[in-house]
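Trainee: Pasting in a structure now, in structure tokens, and then I'll have a few things to ask.
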Amino acid sequence: MTCKILVTGGTGFIGSHTCLELIADGYQVLVLDNLSNSQESVLDALEQISGTRPEFIRGDIRDRILLDRIFQEHDIAAVIHFAGLKAVGQSVSQPLNYYDNNIAGTVILMQAMQQAGVRSLVFSSSATVYGDPQQLPIPEDHPLSATNPYGHTKLVLEEIMGNVYRSEPGWRIGLLRYFNPVGAHPSGLIGEAPQGVPNNLMPYVAQVASGQRAQVQVFGQDYDTPDGTGVRDYIHVVDLAQGHVAALRYLQENEPELLAVNLGTGRGYSVLEMIQAFARSSGRDIPYTIAPRRPGDIASCWADTRLAREKLNWTADKDIQEMCDDAWRWQSSQS
Ligand code: NAD
Ligand code: UD1
């Protein structure tokens, strides 16, 4: 048996890009995904890009019997845990579904890990745990809060992981707080494929550029920002994926630790700057109108990146134009 990394949610947007970086770094990858928000054909693309097809099990992280079997049959060294639901609006209308999938699912996964003696876990948290930022850039010791059920699942899971870490020596846990993941693999073979109307800015802008939607609604131009529109720390998904490999290596090579770390670029861009950058990448006009603020939105958000640099020796280096170029290549291949 060879040591493997179990990647839950590995056919999803961030998971699939991370599988590629793990393979490039010499890891063996076992993907567990219930395909509730992704397609099995992603595995074909991963094979085409990397020359290696990750092992795949279609299944649910809430299925304890399946998890026990996986840990018995495979020599798993660590788990990178992406599986979960992520739409903020849907979490407000279906809170129980979010608590079940995200919280119950993660508890079951960690119980199975505990029983199998697997104590290394890299978890997809989110900058949403900082709530409305009291300072910029946002450091990891900023106070935490949640304003919707999705954010609450991330906050509660961070707490649960802290409790587990303190209850039993030996756990190595990385809480990776992502800022705004965008872009796609430069091959154009994998990317973000939102179902229905995209909630997030970049996929929406991409669909306007490709003619699928008429115009972007800019949610508010009266924020206290340079051009009045919301400012976010957009990070290329390939940089983000490399951040996972850096976190995994760090956890494997150091003493057991519970590490909460920001994965962002440390620089913010406004909605209008994003629209302009995407227009340059696509060579298309991107019509927009100014709409009311979206409830729950904050004005600005960007990461303090020092801890990631110091501990993980990792920084995000792809710029906004590369994010838009790659997102456009992926979008163009879709339509
Ligand atoms: P995604 O929906 O593309 O990927 C999640 C994957 O998990 C999907 O393939 C889905 O089929 C699978 N899945 C969901 N529930 C499952 C279950 N119960 N059992 C097995 N598989 C299940 O999302 P993503 O953008 O790749 O996000 C990955 C993780 O990162 C999520 O936990 C998300 O909350 C977190 N995150 C995402 C963002 C973002 O903007 N994309 C930002 C911060 C944090
Ligand atoms: C959203 C989620 C957040 C999640 C993050 C990453 C909400 C309230 N927050 O954050 O929990 O962690 O995605 O997945 O949903 N915008 C427009 N028009 C659009 C879409 C967005 O103007 O059609 C603006 C927003 O107001 C914001 C910026 O674009 O200023 C980015 O929005 P989005 O991509 O949804 O990300 P966040 O709001 O940062």
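Read the figures in this text as sums done on the coordinates, not as results from a lab. Everything numeric in this text was worked out from a predicted model, so none of it was measured. Don't worry about glycine lacking a Cβ; one is built from the backbone with ideal geometry, like all the others, and counts go over all protein chains shown.
Trainee: Looking at residue 49 and the list (1) over 13 Å from residue 191 (Cβ atoms); (2) over 15 Å from the mean Cα position of the chain (by Cα), which single condition is not satisfied?
Mentor: (1)
Trainee: From the list 186, 194, 149, which one is farther than 16 Å from residue 81 by Cα and touching a Phe, Trp or Tyr at 6+ places or on another chain (Cβ under 6 Å)?
Mentor: 149
Trainee: Tell me, which residue of segment 149-170 that is assigned to a helix (DSSP H, G or I) and small (Gly, Ala, Ser) is surrounded by the most Cβ atoms within 10 Å (Cβ to Cβ)?
Mentor: Only one residue tops the list, namely 151.
Trainee: Here's another thing I want to ask about it. Looking at segment 127-140, is at least one residue away from ligand 1 (no atom under 11 Å from the Cβ), polar (S, T, N, Q), farther than 21 Å from residue 243 by Cα and not in a helix (DSSP H, G or I)? If you could, list the steps in order and put the result at the bottom.
Mentor: The first filter runs over segment 127-140 and keeps only residues away from ligand 1 (no atom under 11 Å from the Cβ), leaving 130-140.
Filter once more, so that each one left must be polar (S, T, N, Q): 134-135.
Applying the additional criterion that residues be farther than 21 Å from residue 243 by Cα yields 134-135.
Still in the running and not in a helix (DSSP H, G or I): 134-135.
Yes: one or more hits.
Trainee: Something else now. So, of the residues in segment 189-202 that are touching a residue at least 24 places away in the same chain (Cβ under 8 Å) and not hydrophobic (A, V, I, L, M, F, W, C), which turns out to be surrounded by the fewest Cβ atoms within 10 Å (Cβ to Cβ)?
Mentor: 195
Trainee: Looking at 294, 329, 280 in this structure, which one is over 25 Å from residue 157 (Cα atoms), charged (D, E, K, R) and part of a loop (DSSP other than H, G, I, E, B)?
Mentor: Result of the check over 294, 329, 280: 294.
Trainee: Also, quick follow-up: How many residues are closer than 22 Å to residue 233 by Cβ, within 14 Å of ligand 1 (Cβ to nearest atom), touching a helix residue (DSSP H, G or I) at 6+ places or on another chain (Cβ under 8 Å) and not charged (D, E, K, R) when one looks only at segment 181-202?
Mentor: 11
Trainee: Give me a count of the residues in segment 203-219 that are surrounded by fewer than 18 Cβ atoms within 10 Å (Cβ to Cβ) and either small (Gly, Ala, Ser) or over 19 Å from residue 180 (Cα atoms) (or both).
Mentor: 6
Trainee: Another question about this same structure. Can residue 30 be described as farther than 20 Å from residue 196 by Cα and away from ligand 2 (no atom under 16 Å from the Cβ)?
Mentor: Taking the combined requirement at face value, the residue satisfies it.
Trainee: Regarding segment 247-255, can at least one residue be identified that is farther than 30 Å from residue 312 by Cβ, surrounded by fewer than 20 Cβ atoms within 10 Å (Cβ to Cβ) and without any contact (Cβ under 8 Å) to a residue 60 or more places away in the chain?
Mentor: No, the conditions are met nowhere in segment 247-255.
Trainee: Is there a residue in segment 90-99 that is of a type in the set (Val, Ile, Thr) and within 18 Å of the chain's Cα centre (by Cα)?
Mentor: The answer is no; no qualifying residue exists.
Trainee: If you go through segment 67-91, how many residues are surrounded by 17 or more Cβ atoms within 10 Å (Cβ to Cβ), over 21 Å from residue 247 (Cα atoms) and away from ligand 2 (no atom under 16 Å from the Cβ)?
Mentor: Of the residues in segment 67-91, 4 are surrounded by 17 or more Cβ atoms within 10 Å (Cβ to Cβ), over 21 Å from residue 247 (Cα atoms) and away from ligand 2 (no atom under 16 Å from the Cβ).
Trainee: Next question. For residue 219, which of the numbered conditions (1) more than 9 Å from ligand 2 (Cβ to nearest atom); (2) over 23 Å from residue 316 (Cβ atoms); (3) hydrophobic (A, V, I, L, M, F, W, C) fails to hold?
Mentor: (1)
Trainee: Follow-up. Just to be sure I understand the filter: pairs with C-beta atoms under 6 Å, separated by 6 or more residues or on different chains, first member in segment 303-323 and without any contact (Cβ under 8 Å) to a residue 24 or more places away in the chain, second member polar (S, T, N, Q). Which pairs pass?
Mentor: Filtered contacts from segment 303-323: 309/315.
Trainee: Only one of (1) surrounded by 20 or more Cβ atoms within 10 Å (Cβ to Cβ); (2) within 16 Å of ligand 2 (Cβ to nearest atom) is not met by residue 288, so which one is it?
Mentor: Exception for residue 288: condition (1).
Trainee: Report yes if residue 130 is crowded, with 16+ Cβ neighbours inside 10 Å, within 14 Å of ligand 2 (Cβ to nearest atom) and aromatic (Phe, Trp, Tyr), otherwise no.
Mentor: yes
Trainee: Only one residue in 182, 261, 197 is within 13 Å of ligand 2 (Cβ to nearest atom) and touching a strand residue (DSSP E or B) at 6+ places or on another chain (Cβ under 7 Å). Which one?
Mentor: Working: 261 fails: within 13 Å of ligand 2 (Cβ to nearest atom); 197 fails: touching a strand residue (DSSP E or B) at 6+ places or on another chain (Cβ under 7 Å).
Selected residue: 182, the only one of 182, 261, 197 that is within 13 Å of ligand 2 (Cβ to nearest atom) and touching a strand residue (DSSP E or B) at 6+ places or on another chain (Cβ under 7 Å).
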